[in-house]
Amino acid sequence: MVDEEYVFSKDNSRVFLNTSLGCSGRCCYCYLSKMGYSNSGNDIKTVGADYVLNILQNSNLKITSSTLITLGCFSECWDENNKPETIKLIKHFLQKGNQIQLSTKRKISLNELTDIIPLIKYYGQLVVFVSCATISKQSYIESNTTEIEQRFKTFKELQGHIPTVLYIKPVLKNITIKDVELFKNYIELYNIKDVVVGSIFTNESSLETVHFSNKENLFYNEVDDEKEIIKALSPVTEVYKRSTEVVKKYYKTIINNVNFN
């Protein structure tokens, strides 16, 4: 039996792991309240990485080194209370050979990853997504997250060590699109190679439910602005619609290099 709050997988190709349930970011578009969790910092349930790994070990999931590990869909991976446990999971799965992705609205500094960098077997085994739905309105739409100027310094900090992706998700109708030129400026400033433009998760039924839950109460809901943003950013960077497209790109690169050699 799997505790699906902390460990979830629809198949063995990808597993979602959470060492914390709830977030302190207070984003006004957050889906956590729809899942029964807090997004205001109240009643956050944090457990140890060992607790999560024990659930995984005792589950019927067939996890191999080719399984993608996705961290923190029910939390902020880099909140102070959650960060040490996130790091433990990263170190564990890097040594197992897994590819790992995490998204954050906090700043990640290179000196926080001192014990992690030597464990990375290939560029792209760990991929960081810096998440942001708005730049100009961050102070009240993402009110308790790291200020944009500091958050985006993650790109400079990790450059050359860990692929760092701009995660423009969710696209908020009539809001995110107004910051296209600001996004372009940051893309140029930090030489951002990969950008994901993603849909919002809502209760409004659509053809596709979210991948990190079987509750079937959250769905992908695309807005027209996404197409316009993708069109505007495509001339200056590589743009994707899903985070897994970026992760697979780095995985295919290493596989192709191994086959070639």
- Item | Packing rank of 110-123, 131-144, 7-20, 50-63, where each peptide gets the mean count of other beta carbons within 10 Å, highest leading | 7-20, 131-144, 50-63, 110-123
- Message: Could you tell me the calculated FRET efficiency between Asp11 and Glu238, based on Cβ-Cβ distance and R0 = 30 angstrom, to the nearest 0.05?
- Response: 0.65
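Average projected area of the Cα convex hull of the stretch 1-80, in nm²? Walk me through the numbers on the way to the answer.
Numbers: hull surface 22.3 nm².
Dividing the Cα hull surface by four gives the mean projection, 5.6 nm².
Could you list the trypsin sites (Lys or Arg not before Pro) in the stretch 144-232 that lie in coil according to DSSP, counting only those with at most 13 other Cβ atoms within 10 Å of their Cβ?
Working: sites: Arg151, Lys153, Lys156, Lys173, Lys178, Lys184, Lys193, Lys215, Lys227, Lys231; in loops: Lys173, Lys193, Lys215.
Hits after loop and neighbour filter: Lys173, Lys215.
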- Note on the structure: For the chain, the Cα gyration tensor yields equivalent-ellipsoid semi-axes (√(5λ), largest first, whole Å) of 26, 23, 19
- Phi-derived 3J(HN,Hα) across the stretch 21-31 with the Karplus relation (6.51, -1.76, 1.60, θ = phi - 60°), rounded Hz, x for Gly and Pro, is 10, x, 9, 9, x, 6, 5, 6, 9, 4, 8
- Calculate for the chain the 222 nm mean residue ellipticity that helices alone would give, adding -39,500 (n - 2.57) per DSSP H run of length 4 or more and normalising by residue count, nearest 500 deg cm²/dmol. -8000 deg cm²/dmol
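Based on alpha-carbon positions alone, could you give the equivalent ellipsoid semi-axes of the stretch 42-178 from the gyration tensor, as √(5λ), descending, whole Å? Working shown, then result.
Working: eigenvalues 144, 64, 41 Å².
Working from the Cα gyration tensor, I get semi-axes of 27, 18, 14 Å.
How much area per residue is accessible in the stretch 1-78 when the probe is 1.4 Å and only protein heavy atoms are counted (Å²)? Can you show the working numbers first?
Values: 3480 Å² over 78 residues.
That works out to 45 Å² for each residue.
By how many nm would the segment from Ser139 to Lys231 lengthen if fully extended, with 0.36 nm per residue of separation less the alpha-carbon distance?
Details: separation 92, 0.36 × 92 = 33.12 nm, distance 2.67 nm.
Extra length from Ser139 to Lys231 when fully extended: 30.4 nm.
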- Query: Can you pull out the GluC sites (Glu not before Pro) in the stretch 72-105 that DSSP calls coil and that have at most 13 other Cβ atoms within 10 Å?
  - Reply: Glu80
- Item | Computed E for Asp50/Leu119 - FRET, C-beta separation, R0 22 angstrom, nearest 0.05 | 0.80
- Farthest toward the dipole's positive end in the chain, which of Tyr251, Ile69, Val128, given Cβ charges of +1 (Lys, Arg) and -1 (Asp, Glu) about the Cα centre? Tyr251
- For the stretch 4-143: lysine pairs with Cα atoms under 14 Å, gap of 8 or more or different chains, count? 9
- Item | For the stretch 85-135 versus the stretch 138-182, the gap between their alpha-carbon centres in whole angstrom | 17 Å
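What part of the accessible area of the stretch 99-237, given as a whole %, is carbon or sulfur when the probe is 1.4 angstrom? Mind dumping the intermediate values first?
Details: 3030 of 6240 Å².
On the stretch 99-237, the fraction of accessible area on carbon and sulfur atoms equals 48 percent.
As a test, work out the antiparallel percent of DSSP beta bridges whose residues both lie in the chain, rounded to the nearest 5.
Rounded to the nearest five, the antiparallel share is 30 percent.
The values are calculated or read from the model by the stated rules, or taken from the named source; none is laboratory data. Treat the numbers as computed from the prediction; the structure is a model and nothing was measured. When we count neighbours, we look across all protein chains shown, and the Cβ atoms used for this are built from the backbone with ideal geometry, even at glycine. Side chains included, ligands, DNA and RNA excluded: accessible areas come from the protein's heavy atoms. Shrake-Rupley method; radii C 1.70, N 1.55, O 1.52, S 1.80 Å.
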